[in-house]
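Taking it in order: structure first as structure tokens, then the write-up.
The values are calculated or read from the model by the stated rules, or taken from the named source; none is laboratory data. Quantities reported herein were computed from a predicted structural model and do not represent experimental measurements. Here the Cβ positions follow ideal geometry from the backbone for every residue, glycine too, while neighbour counts run over all protein chains shown. We work out accessible area using only protein heavy atoms, side chains counted, and drop any ligands, DNA or RNA first. Shrake-Rupley method; radii C 1.70, N 1.55, O 1.52, S 1.80 Å.
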Amino acid sequence: SKSIAVFASGTGSNFQALVEAFAQPDSGVVIKALVCDHALAPVVGKAALAGVPIITVDYREFVDKAAAEAAIVSQLPEVDLIVLAGYMRILGPTLLAAYPQRIINLHPALLPSFPGRTGIEDAWRYGVQITGVTVHFVDAGIDSGQIIAQEAVRVEPGMSVDDLARRIHAVEHQLLPATVQRLIQGGKI
Ligand code: GAR
């Protein structure tokens, strides 16, 4: 079976979706670690409950991003794939070079539209009638890199931004585990 590490910064609902999708030993995917940049984030509690080893890295304790990323690389067990699921940092060359073509990211909009931290709100405010969810390989840019999977979400008339966020998250919780599974089964990883 293949192993993954999940990077997350906050709530961790997508981390939880991955845990549940790959809970059965015959799923073919083992989550070997959670990497989190905030020790008090709810995702840390979710990992503890799930029995997933936790690596917390407080970037403020390091001189720069490269040093923080070197600390992550040195603590990470060997994994086949890194999954960014709500990891609110731009990766630098240290992590990118350590896992070439082995890092994917989840984004709550149809890239290349609405990159950044507030993709759901930005799409809603713009008034688009179709937005969605993207999973893509990570490169040095902000939410750039080759697209692996997308799913559209229609913004119905009268939908509040909270309604839209709920729809987006429900789609994410399906699409991210399915995409990890497909990459691994397709031999891409
Ligand atoms: C998700 O909606 C993810 O797409 C988004 O953060 C959320 C994390 O939620 N990521 C980005 O905006 C990256 N630019 P979660 O912690 O409940 O999984």
* Residue tally, condition in a loop (DSSP other than H, G, I, E, B), open to solvent by 50 Å² or more (accessible area, probe 1.4 Å) and more than 16 Å from residue 169 (Cα to Cα), over region 1-51 -> 7
* Could you tell me which of the residues 43, 29, 6, 19 is touching a residue at least 60 places away in the same chain (Cβ under 8 Å) and within 15 Å of the chain's Cα centre (by Cα)? => 6
* To do: Select, from 22, 62, the only residue that is touching a strand residue (DSSP E or B) at 6+ places or on another chain (Cβ under 9 Å) and not polar (S, T, N, Q).
  => 22
* To do: Can you work out which of the residues in region 89-138 that are open to solvent by 50 Å² or more (accessible area, probe 1.4 Å), in contact (Cβ under 8 Å) with a residue 40 or more places away in the chain and more than 14 Å from the chain's Cα centre (by Cα) is nearest to residue 66 (Cα to Cα)?
  => 93
* **Candidates 123, 149, 170 - the one that is under 26 Å from residue 21 (Cα atoms) and in contact with a strand residue (DSSP E or B) (Cβ under 8 Å, 6 or more places away or on another chain)** => 149
* Just need a number here: residues in region 140-183 that are surrounded by 14 or more Cβ atoms within 10 Å (Cβ to Cβ) and at pLDDT below 95. => 2
* Members of region 74-87 that are surrounded by 14 or more Cβ atoms within 10 Å (Cβ to Cβ) and either hydroxyl-bearing (Ser, Thr, Tyr) or in a loop (DSSP other than H, G, I, E, B) (or both) -> 76, 79, 80, 85, 86, 87
* Got at least one residue in region 52-61 being touching a Gly at 6+ places or on another chain (Cβ under 8 Å) and more than 30 Å from residue 161 (Cα to Cα)? -> no
* For residue 13, state whether it is away from the ligand (no atom under 14 Å from the Cβ) and touching a residue at least 60 places away in the same chain (Cβ under 8 Å). => no
